[in-house]
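The values are calculated or read from the model by the stated rules, or taken from the named source; none is laboratory data. Just so we're clear, the structure is a prediction, and the values are computed from it rather than from any experiment. In this analysis, Cβ positions are derived from the backbone assuming ideal geometry, glycine residues included, and neighbour counts consider all displayed protein chains.
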Number of protein chains: 2
Amino acid sequence: MREAIALSRANVREGKGGPFAAIVVKNGIVLARGTNLVTSTNDPTAHAEIVAIREACRALGSFQLDGCDIYTSCEPCPMCLGAIYWARPRSVYFANTRDDAAAIGFDDRFICDEFSVAHNERKIPMQQLLREEAFEAFREWRAASNKVPY
Amino acid sequence: MREAIALSRANVREGKGGPFAAIVVKNGIVLARGTNLVTSTNDPTAHAEIVAIREACRALGSFQLDGCDIYTSCEPCPMCLGAIYWARPRSVYFANTRDDAAAIGFDDRFICDEFSVAHNERKIPMQQLLREEAFEAFREWRAASNKVPY
């Protein structure tokens with residue numbers, strides 16, 4: 001965790017993005033390090049955890065982080081928590097809390113609240129179209145013999 | 001939306017990943033197309049929306065999707081909804097629902113429920129460490145003159 005914290009401070013000094021860093025460790029070995037690169041790479045998904053998870057999966061040649069631990073300098077936002085559940089590491093350690101992040105201008109708590117708001121009343125409105133046509137892809141997936149479930 | 005649906009079906013046929021596709025449109029022009037590439041690229045974050053958002057931001061040279069609409073063949077998972085809120089498009093259109101996705105084995109609803117579960121009781125346990133040391137990065141961010149807020 002001390003290394004993640006040091007990376008988060010360096011990220012601010014170097015102007016690469018927000019004060020966040022994450023490290024993925026397996027069997028005592030660091031597989032990947034990530035820092036927040038949103039503004040420096042024009043990628044709104046380049047949060048520290050996402051950067052580190054993608055890099056660790058590349059290192060492992062797998063889309064799952066079996067037996068890995070993630071050390072992140074701040075409690076994950078909803079996007080990153082989602083990514084963590086899809087990557088399935090063993091456990092997550094964090095330092096700063098979501099309240100700490102909100103206090104410096106990174107307020108993401110509302111994102112999860114949006115799940116229980118009606119689609120057309122969300123801050124970014126959502127609308128359903130053509131569900132019957134789209135469901136054909138799901139039927140094909142169900143029937144596909146070449147699929148890799150995950 | 002019909003193009004997104006066609007891409008989602010092609011993605012299954014080509015064995016690239018799950019039956020999901022997304023398109024980002026601005027002023028009637030398609031900026032980016034994405035399909036689910038999780039298993040073919042070993043990237044658990046490569047959901048259709050994330051792939052399309054990253055590509056659209058590259059095309060725009062911006063970390064925000066001002067005035068853009070996203071057409072996704074399925075209602076976004078918590079990770080992708082988070083990414084959408086960070087990218088700030090104008091609106092989102094979807095076809096299949098989260099219940100449809102759960103019915104073919106992509107059940108992500110529990111992820112948002114995890115936010116209200118105690119850290120140590122989550123399916124992937126979380127534990128806090130070294131908050132005081134980590135908060136120093138947040139103090140530095142607050143004081144930084146070179147920062148790009150987002």
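Below, the figures for the structure above:
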{"item": "Of all residues in the range A:89-104 being facing chain B (nearest Cβ under 7 Å) and in contact with a Pro (Cβ under 9 Å, 6 or more places away or on another chain), the one that is surrounded by the most Cβ atoms within 10 Å (Cβ to Cβ)", "result": "A:N96"}
{"item": "Pairs where the first residue, in the range A:68-85, is farther than 12 Å from B:C112 by Cα and modelled with pLDDT of 95 or more and the second is among the acidic types (D, E) and surrounded by 24 or more Cβ atoms within 10 Å (Cβ to Cβ), C-beta under 6 Å, 6+ apart", "result": "A:T72/A:E49; A:P76/A:E49"}
{"item": "Residues within the range B:121-138 that are under 21 Å from A:L65 (Cβ atoms) and part of a helix (DSSP H, G or I), tallied", "result": "1"}
{"item": "Selection count where residues are touching a residue at least 40 places away in the same chain (Cβ under 8 Å), touching a helix residue (DSSP H, G or I) at 6+ places or on another chain (Cβ under 7 Å) and surrounded by fewer than 24 Cβ atoms within 10 Å (Cβ to Cβ), scope the range A:24-39", "result": "0"}
{"item": "Given (1) assigned to a helix (DSSP H, G or I); (2) touching a strand residue (DSSP E or B) at 6+ places or on another chain (Cβ under 9 Å); (3) more than 19 Å from B:T41 (Cβ to Cβ); (4) of a type outside the set (A, V, I, L, M, F, W, C), number of the condition A:R54 does not satisfy", "result": "(3)"}
{"item": "Selection within the range A:16-51 - β-branched (V, I, T) and in a loop (DSSP other than H, G, I, E, B)", "result": "A:T45"}
{"item": "Candidate set from the range A:40-56 (those that are of a type in the set (D, E) and more than 7 Å from every other protein chain (Cβ to nearest Cβ)); member that is surrounded by the most Cβ atoms within 10 Å (Cβ to Cβ)", "result": "A:E49"}
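Rundown of residues vs (1) within 7 Å of chain B (Cβ to nearest Cβ); (2) loosely packed, with under 15 Cβ neighbours inside 10 Å, yes/no style:
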position	(1), (2)
A:R58	yes, yes
A:E75	no, no
A:F110	no, yes
A:N120	no, yes
A:M126	yes, no
A:E132	no, yes
